[in-house]
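The values are calculated or read from the model by the stated rules, or taken from the named source; none is laboratory data. Owing to the predicted nature of the structure, the values given are computational and were not obtained by experimental measurement. Counting neighbours? That spans all protein chains shown, and the Cβs are built from the backbone with ideal geometry, glycine included. Ligands, DNA and RNA are stripped out before the accessible areas are found, and what is left, the full protein with its side chains, is counted by its heavy atoms. Shrake-Rupley method; radii C 1.70, N 1.55, O 1.52, S 1.80 Å.
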Protein chains: 2
Amino acid sequence: MRLATLADGTPDGSLVLASRDGTRCLKAPVSNLLNAIENWDVLEPQLAALAERVEAGEGEALDPARLLAPLPRTWQWLDGSAFGTHGHLMQIAFGLPPVESERPLMYQGMSDRFYAGSADIPFLDEADGIDFEGEFGVILDAVPMGVTPEEAAGHIKLVVQINDWSLRAIAPAEMKTGFGWVQAKPACSMAPFAVSPDALGAQWTDTGRVALDLVVERSGQPFGHANGAAMDVGFPELVAHAARTRDLVAGTIIGSGTVSSPDYEQVGSSCISEVRAIEMIASGAASSPFLQFGEEVFMEARTRDGWAPFGTIRQKVVPA
Amino acid sequence: MRLATLADGTPDGSLVLASRDGTRCLKAPVSNLLNAIENWDVLEPQLAALAERVEAGEGEALDPARLLAPLPRTWQWLDGSAFGTHGHLMQIAFGLPPVESERPLMYQGMSDRFYAGSADIPFLDEADGIDFEGEFGVILDAVPMGVTPEEAAGHIKLVVQINDWSLRAIAPAEMKTGFGWVQAKPACSMAPFAVSPDALGAQWTDTGRVALDLVVERSGQPFGHANGAAMDVGFPELVAHAARTRDLVAGTIIGSGTVSSPDYEQVGSSCISEVRAIEMIASGAASSPFLQFGEEVFMEARTRDGWAPFGTIRQKVVPA
């Protein structure tokens, strides 16, 4: 199934089932996705039945202008950093020593607002080093403390595509404190459709990875198309890591971190900082600037036959 | 005014105005504190009028067994570390170099659950190094991105007392990653009453600090009574730091970090790790163990005449 949230004046919006082609929708029997995920086992069969009906041609026209993030706010956002190439390049970009850790990397970010995939994104200052990070995420039902990765896999109910906006002029200073990021990580954006693992078919792998190319463009120019399958650890391991000492509330989103590939010369990158690190390696200096006001970011994960399960992120950076 | 939340089977509980002596309460004209803080400017005069009525003798008996955290869950918890002595001693305790930062230290923690001040607190493993951290916090209405400390002060609507549970065997490894804490910071606890700054009188200082001794006991033994006035930066500065690159959602809680004093030989500490660092300084080795299952933690901020505005935290550590 493919879920979307329509603007209705409330903070959480109205949940609908969307057709695979994105043209039609049917109202869900629950007000919003946060309520749905809190009662997923009961609702899932009803939602699946509605998904079949909308696919068979029922429903009304889906107005793309009304699409919010599928989960416009939630109680918890824990973002991993599961692509080793990204971690390696970011150390170079930030001028920091290698991260010492044998465990998955993860931080807690702001979850009270996820921007719509079509929203203009306001920032106070270009000098903060405005960057995007293309990634995948999973939405969980309630997960008890101490689950194994095998148990965690069963709590992954939906998959989403995220742009984790980042401010690179602030990030290294916050990392040096050991306290993690606050100012360097403002609100993220989410592509409009949350998709069940079964609807992704073979593109949701047995090991809990999204085997899709994430196509990224910057102001109309190709930027990257790295594949989500290259995670060093899969989502089930990230979920188990997050739940090691806490119950995870229903609606928790776990992020993959920036999609990245060791073949970056062929497939490009999913954030500007990586490109700057690659430039540093090649020539000793970064030449690609961070985003300026008015620039546009496009992100779309695609199957081989061109389907974009999560829809499209297309956003302009604007002054706050 | 003094607000409390009564258990009613919903996640957010029922909001009441509590008398200064904690024996009586009157139902608030809004379902819960999260809803109240979203509409504070409209509701505040009504809440203040009810607070006067409950103080004058109206209301029903307040059942202490029904008291939850005043804000049992919220969208955002950003915890500072504003007591320099605590920071200094924690570097010694963790065996880490001094934190490099000219700005306030802050991390984002889990906000989907704050335990009641009387709840048993479940942990999986004593070997994780179970510790408490006594601190103060402030609850904000909506704060726009980029506010000054002067503007931020006006958004501080309520003051609370928090026990920030911490797992010390995990914390240094997470700090070294630069990503901050996830596993080392499970859910916090909150004392039962949220108090408006005006109700604290002179104990809420002009510079936005809580000038109260925080009395801490471990399993019935005196542990500390450091004063909240010793913050290196006040709450308004912490709020402005948090809002530098993001709007702060209504209901955001900003924490002071562990209350600590350079006079620790006289006033003791508000967490075990500090005591262990002091032992290391004195004798080269820490001797105080972290908490074992069955131990009890007591925390109560008190005025000179013995009033405890936030009520009492008294909790037992139990196996999950």
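Just a few scattered comments:
- Of the criteria (1) surrounded by 21 or more Cβ atoms within 10 Å (Cβ to Cβ); (2) more than 10 Å from chain A (Cβ to nearest Cβ); (3) not charged (D, E, K, R), which one B:Pro98 fails: (1)
- Any chance B:Val138 is more than 28 Å from B:Phe293 (Cα to Cα) and open to solvent by less than 10 Å² (accessible area, probe 1.4 Å): yes
Yes or no, residue by residue, for (1) in contact (Cβ under 8 Å) with a residue 60 or more places away in the chain; (2) within 20 Å of B:Phe179 (Cβ to Cβ); (3) surrounded by fewer than 20 Cβ atoms within 10 Å (Cβ to Cβ):
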{"position": "A:Pro197", "(1), (2), (3)": "no, no, yes"}
{"position": "A:Gly201", "(1), (2), (3)": "no, no, yes"}
{"position": "A:Thr207", "(1), (2), (3)": "no, no, yes"}
{"position": "A:Val210", "(1), (2), (3)": "yes, no, no"}
{"position": "A:Val215", "(1), (2), (3)": "yes, no, no"}
{"position": "A:Gly220", "(1), (2), (3)": "yes, no, yes"}
{"position": "A:Ala229", "(1), (2), (3)": "no, no, yes"}
{"position": "A:Asp232", "(1), (2), (3)": "yes, yes, yes"}
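- Output for the stretch A:14-41, where each listed residue is touching a Ser or Thr at 6+ places or on another chain (Cβ under 9 Å) and under 14 Å from A:Ala194 (Cα atoms): A:Ser14, A:Leu15, A:Val16, A:Cys25, A:Ala28, A:Asn32, A:Leu33, A:Leu34, A:Ile37
- Any hit, the stretch A:271-287, residues being closer than 30 Å to A:Asn32 by Cβ, open to solvent by less than 30 Å² (accessible area, probe 1.4 Å), touching a residue at least 12 places away in the same chain (Cβ under 8 Å) and away from chain B (no Cβ under 14 Å): no
- Unmet requirement for A:Leu238, which otherwise passes all of (1) part of a loop (DSSP other than H, G, I, E, B); (2) under 25 Å from B:Ala184 (Cα atoms): (1)
- Single residue of the stretch A:27-47 satisfying the filter (touching a residue at least 12 places away in the same chain (Cβ under 8 Å) and in a loop (DSSP other than H, G, I, E, B)) that is farthest from A:Met1 (Cα to Cα): A:Ser31
- Among the residues of the stretch A:48-90, those that are open to solvent by 70 Å² or more (accessible area, probe 1.4 Å) and either closer than 18 Å to A:Phe114 by Cβ or assigned to a helix (DSSP H, G or I) (or both) comprise A:Glu52, A:Arg53, A:Glu55, A:Pro64, A:Ala65, A:Arg66, A:His88.
- So B:Ala93, is it surrounded by fewer than 16 Cβ atoms within 10 Å (Cβ to Cβ) and touching a Lys or Arg at 6+ places or on another chain (Cβ under 7 Å): no
- Test result for B:Arg103, closer than 21 Å to B:Ser256 by Cα and open to solvent by 30 Å² or more (accessible area, probe 1.4 Å): yes
- Of all residues making up the stretch B:1-40, the number that are out of contact with any Pro (no Cβ under 7 Å at 6 or more places or on another chain), hydroxyl-bearing (Ser, Thr, Tyr) and open to solvent by less than 10 Å² (accessible area, probe 1.4 Å): 1
- Any hit, the stretch B:14-22, residues being modelled with pLDDT of 95 or more, touching a helix residue (DSSP H, G or I) at 6+ places or on another chain (Cβ under 8 Å) and more than 21 Å from B:Gly57 (Cα to Cα): no
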